[in-house]
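Read through the structure below, which is laid out as structure tokens, and then see the notes.
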Amino acid sequence: EPEVTQTPSHQVTQMGQEVILRCVPISNHLYFYWYRQILGQKVEFLVSFYNNEISEKSEIFDDQFSVERPDGSNFTLKIRSTKLEDSAMYFCASSEVQGGQPQHFGDGTRLSIL
Amino acid sequence: KQEVTQIPAALSVPEGENLVLNCSFTDSAIYNLQWFRQDPGKGLTSLLLIQSSQREQTSGRLNASLDKSSGRSTLYIAASQPGDSATYLCAVGGFQKLVFGTGTRLLVSP
């Protein structure tokens, strides 16, 4: 069964550095998402992306964050000037369409900011 | 703003019991509802998806129901097994995003 793939599985970075989290969505999916889960808390929506544009973003997704689909297969989340509170599990998801079809999640990238 | 609540927060049962996990949401204008399983430190595994027009979905020992008008969903697990031990998350689907509950941590003891 097709899967969403995320790399790396664990990223350790010094505070203030930039990180790029990578995702390969399911190949025929057109809608892409990032979520995050701070340890012990709910999974929270960050951003949705379609047709090379952000279609919705949460209040968490401020100027520190950006997303990009640099080629036909990858979907990336960049976090600039990382802060301690950015430490979390980041999940990528994709869906074939919006509004009714399931979102398929990757295994996540655990980001640890030191 | 959609709020999703799951009760109980934790549940411990002996193997073989049937059990029910509850999810409630505040805004009934939803597209779907997904139940996920999350093992410690791991990703999210989709268990069941119920469309807003459906009342229930079944997969093996799992049955999920949806009452959109009252803002409730239940996940029924029949004949629980130790391998069912995990956190179960309910997520309500809007057009663009999922809103997750805090989860129910299930422990099934042999």
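The values are calculated or read from the model by the stated rules, or taken from the named source; none is laboratory data. What you are looking at is a predicted structure, and each value in this text was computed from that prediction instead of being measured. Because the Cβ atoms are built from the backbone with ideal geometry, glycine has one as well, and the counts that use them run over all protein chains shown. For accessibility, only protein heavy atoms count, side chains too; no ligands or nucleic acids. Shrake-Rupley method; radii C 1.70, N 1.55, O 1.52, S 1.80 Å.
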note = Picking from B:ALA91, B:ALA86, B:ALA78, the residue that is closer than 22 Å to B:ARG55 by Cα, of a type in the set (A, V, I, L, M, F, W, C) and away from chain A (no Cβ under 14 Å) would be B:ALA78
inquiry  = Looking at the structure I just gave you, is A:PHE75 crowded, with 18+ Cβ neighbours inside 10 Å, in contact with a Phe, Trp or Tyr (Cβ under 9 Å, 6 or more places away or on another chain) and touching a residue at least 60 places away in the same chain (Cβ under 8 Å)?
reply    = no
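Tell me, which residue of region B:94-110 that is open to solvent by 50 Å² or more (accessible area, probe 1.4 Å) and of a type outside the set (D, E, K, R) is farthest from the other protein chains (Cβ to nearest Cβ)? Write out each step before concluding.
Let us first name the residues in region B:94-110 that are open to solvent by 50 Å² or more (accessible area, probe 1.4 Å), namely B:95, B:97, B:102, B:105, B:107, B:110.
Filter once more, so that each one left must be of a type outside the set (D, E, K, R): B:95, B:102, B:107, B:110.
Details: B:PHE95: 4, B:THR102: 5, B:LEU107: 17, B:PRO110: 27 Å.
Looking at the filtered set, the residue picked out is B:PRO110.
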request  = Select from region B:49-58 the residues that are loosely packed, with under 15 Cβ neighbours inside 10 Å and either acidic (Asp, Glu) or under 17 Å from B:TYR88 (Cα atoms) (or both) and list them in ascending order.
outcome  = B:GLU56, B:THR58
note = Contact list, first residue from region B:89-110 and part of a loop (DSSP other than H, G, I, E, B), second anywhere and of a type in the set (A, V, I, L, M, F, W, C), beta-carbon distance below 7 Å, six or more apart or interchain, is B:GLY94/B:ILE30; B:LYS97/A:PHE45; B:GLY101/B:VAL4; B:GLY101/B:CYS23; B:GLY101/B:LEU89; B:GLY101/B:CYS90; B:THR102/B:ALA9; B:GLY103/B:LEU89
remark   = Scanning region A:55-65 for residues that are open to solvent by 30 Å² or more (accessible area, probe 1.4 Å) and not β-branched (Val, Ile, Thr) gives A:SER55, A:GLU56, A:LYS57, A:GLU59, A:ASP62, A:ASP63
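Among the residues of region B:49-59, which ones are in a strand (DSSP E or B) and more than 9 Å from chain A (Cβ to nearest Cβ)? Explain how you work it out, then say what you get.
First, pick out the residues of region B:49-59 that are in a strand (DSSP E or B): B:49-51, B:56-59.
Across region B:49-59, the qualifying residues are B:ILE50, B:GLU56, B:GLN57, B:THR58, B:SER59.
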query = Does region A:26-45 hold any residues that are in contact (Cβ under 8 Å) with a residue 40 or more places away in the chain and either within 9 Å of chain B (Cβ to nearest Cβ) or open to solvent by less than 60 Å² (accessible area, probe 1.4 Å) (or both), and which are they?
reply = A:ILE26, A:HIS29, A:TYR31, A:PHE32, A:TYR33, A:TRP34, A:TYR35, A:ARG36, A:GLN37, A:ILE38, A:VAL43
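When you look at B:THR45, is it assigned to a strand (DSSP E or B), of a type in the set (Val, Ile, Thr), within 24 Å of A:PHE91 (Cβ to Cβ) and without any contact (Cβ under 8 Å) to a residue 12 or more places away in the chain, yes or no? So that I can check it myself, show each step before the final result.
Values: assigned to a strand (DSSP E or B): yes; of a type in the set (Val, Ile, Thr): yes; within 24 Å of A:PHE91 (Cβ to Cβ): yes; without any contact (Cβ under 8 Å) to a residue 12 or more places away in the chain: yes.
When the stated conditions are applied, B:THR45 passes them.
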request  = Looking only at region B:12-48, count how many residues are surrounded by fewer than 20 Cβ atoms within 10 Å (Cβ to Cβ), in contact with a Pro (Cβ under 7 Å, 6 or more places away or on another chain) and within 13 Å of another protein chain (Cβ to nearest Cβ).
outcome  = 1
remark   = The number of residues in region A:46-71 that are out of contact with any Lys or Arg (no Cβ under 7 Å at 6 or more places or on another chain), among the charged types (D, E, K, R) and within 11 Å of chain B (Cβ to nearest Cβ) is 2
task = Report yes if A:GLU44 is at pLDDT 95 or above and acidic (Asp, Glu), otherwise no.
result = yes
query = In region A:49-87, how many residues are more than 24 Å from A:PRO2 (Cα to Cα) and outside any strand (DSSP E or B)?
reply = 15
